[in-house]
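Enquirer: Submitted below is the structure of interest, expressed as structure tokens.
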Amino acid sequence: MTTSTTTTSDGEFSQAELAAQFLLSQVKIQPQIALILGSGLGSFADELSDAVRIPYTNIPFFPRSTAIGHAGQMVIGYAGEVPVAAMQGRVHLYEGYSAQQVAFPVRVFGRLGIRAAVITNAAGGINSEYKQGALVLINDHINLQGQNPLVGRNDDRFGLRFPDMTQAYSKRLREIARRAAQKLDMNLAEGVYAGLLGPSYETPAEIRHLRTIGADLVGMSTIPEVIAASQMGISVLAISCVTNMAAGLLDKPLSHVEVLETTERVRGEFVALLRAVIAEIASDVTGPTTLPNPQEHRN
Ligand code: HPA
């Protein structure tokens, strides 16, 4: 790790502000929607028009991604008519970053005045109704990562000490996504995402446990980002790509190669869904370009 977000919240706030000002100095547009594109899902950002690509290494205090399949750059441009900021790749807790560092990009989005974020990931399918390659809307999560980006002294400028999580995955944005999928004649299931630390995949016994406690999907990302977004009042739409059936469901080992192969296979469908969803969200989200009262502008 070559960058560090300090553990004091005052540092975090001013660092996020500096990173946001830096990004705005690089572009002529004010992004309205943020995207975090997970493993193998970054190609959407290649399609943006008038795009400016900014490597994470150039953004002050930004963590650098080390995972294969993560390009590690911010792409700011237009998706159709909509100005967006898309992260091609993210960092994970299993890379050794703290939850605060993992959530730092979301803090920056908040300081950019962004009110809605589309967060994507590759996940294992626990629900046996899912098929490999399915796209699934996350409607809730179970945090089993043992970490939380809000640990430490709270900075009220980000939001509440104890933020509500009942609407962490915006119902309204999920409705919008379902409508967009319907128009595209695309199947879009819904489910609960269990987030684990990784980087080892789960054991079959862990997957049976996760199924019992109500999880439909399992992955190693997303949760710190969603918690930070929730605290800042940023509406979240989260979509998993079921890159593999979870451990023990099929009689074969799991591999990252399979994960990347599946994302490559569904790439066209995924990009089409994101394009449609962003157009619909943009016409739905109106809001101030400065931080609102926490939790007031969601859903
Ligand atoms: N488990 C955890 N994370 C994952 C998986 C999985 O099966 N597939 C893709 N990311």
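We did not get these values from a lab; they are worked out from the coordinates using the rules stated. These numbers come from a predicted model, not from an experiment. Backbone-built Cβ (ideal geometry, glycine too); neighbour counts: all protein chains shown.
Enquirer: Which residue, 204, 63, 149, tops the fluctuation ranking in a GNM of the chain built on C-alpha contacts under 10 Å?
Expert: The residue with the greatest mean-square fluctuation here is 204.
Enquirer: Tell me, Kirkwood radius of region 146-195 from alpha-carbon pair distances, in Å?
Expert: Hydrodynamic radius (Kirkwood, Cα only) of region 146-195 equals 13.9 Å.
Enquirer: Can you give the Rg to Rh ratio for region 81-161, taking only C-alpha atoms and Rh from Kirkwood? Intermediate results must be reported in sequence, preceding the final value.
Expert: Values: Rg = 15.3 Å, Rh = 15.5 Å.
Rg/Rh: 0.99.
Enquirer: Let me ask something else about it. On alpha-carbon atoms, Rg over Rh for the chain using Kirkwood Rh?
Expert: Radius of gyration over Kirkwood radius for the chain works out to 0.93.
Enquirer: Given the Cα-Cα distance of residue 171 and residue 197 and 0.36 nm per residue of separation, how much length would full extension add, in nm?
Expert: Values: separation 26, 0.36 × 26 = 9.36 nm, distance 2.65 nm.
Full extension from residue 171 to residue 197 adds 6.7 nm.
Enquirer: What are the extents of the Cα atoms of region 131-284 along their three principal axes, in Å, largest first?
Expert: 49, 38, 25
Enquirer: If R₀ is 35 angstrom, what is the calculated FRET efficiency for the pair residue 139 and residue 50, using the beta carbon separation as r and rounding to 0.05? Don't jump to the answer; show the numbers that get you there.
Expert: Working: r = 34 Å, r/R0 = 0.97.
The computed FRET efficiency comes out at 0.55.
Enquirer: Helix 171-183: angle to the longest alpha-carbon principal axis of the chain, degrees 0 to 90, nearest 10?
Expert: Taking Cα atoms only, the helix is inclined about 60 degrees.
Enquirer: Here's another thing I want to ask about it. In nm, give the distance between the simple-model label positions of residue 28 and residue 81, each being 7 Å from the Cα along the Cα-to-Cβ direction.
Expert: 1.9 nm
Enquirer: Treat region 161-244 as a sphere of radius equal to its Kirkwood radius over Cα pairs and apply Stokes-Einstein at 37 °C in a medium of 0.692 mPa s; give the translational diffusion coefficient in µm²/s, rounded to a whole number.
Expert: It comes out at roughly 227 µm²/s.
Enquirer: Let me ask you something else. Tilt of helix 99-111 relative to the longest C-alpha principal axis of the chain, in degrees (0 to 90, nearest 10)?
Expert: Computed tilt is about 50 degrees.
Enquirer: Another question, if that's okay. Residue by residue through region 79-92, which ³J(HN,Hα) values in whole Hz follow from phi under the Karplus form 6.51 cos²θ - 1.76 cosθ + 1.60 (θ = phi - 60°), with glycine and proline marked x?
Expert: Working through the residues one at a time gives 9, x, 9, 9, x, 9, 10, 10, 8, 8, x, 9, 9, 10 Hz.
Enquirer: To continue, here is another question. At each listed q (0.32 Å⁻¹), what is the log10 of I(q)/I(0) that the Debye formula gives for region 117-156 modelled as equal alpha-carbon point scatterers?
Expert: One equal scatterer on each Cα of region 117-156 leads to -1.24.
Enquirer: While we're on this one: Sorted by packing (mean other beta-carbon atoms within 10 Å per residue), highest first, where do 12-19, 159-166 land? Walk me through the numbers before you get to the answer.
Expert: Details: 12-19: 20.4, 159-166: 14.2.
The peptides rank, most packed first, as 12-19, 159-166.
Enquirer: Still on this model: Using a Gaussian network model of the chain whose springs link C-alpha atoms within less than 10 Å, name the residue from 284, 251, 50 with the highest mean-square fluctuation.
Expert: Largest GNM mean-square fluctuation: 251.
Enquirer: Kindly express, to the nearest 10 degrees and within the range 0 to 90, the angle between helix 9-26's C-alpha long axis and the longest C-alpha principal axis of the chain.
Expert: 80 degrees
Enquirer: Which values, in whole Å and largest first, are the semi-axes of the equivalent ellipsoid of region 25-89 obtained as the square root of 5 times each eigenvalue of the Cα gyration tensor?
Expert: Equivalent ellipsoid of region 25-89: 19, 14, 8 Å, largest first.
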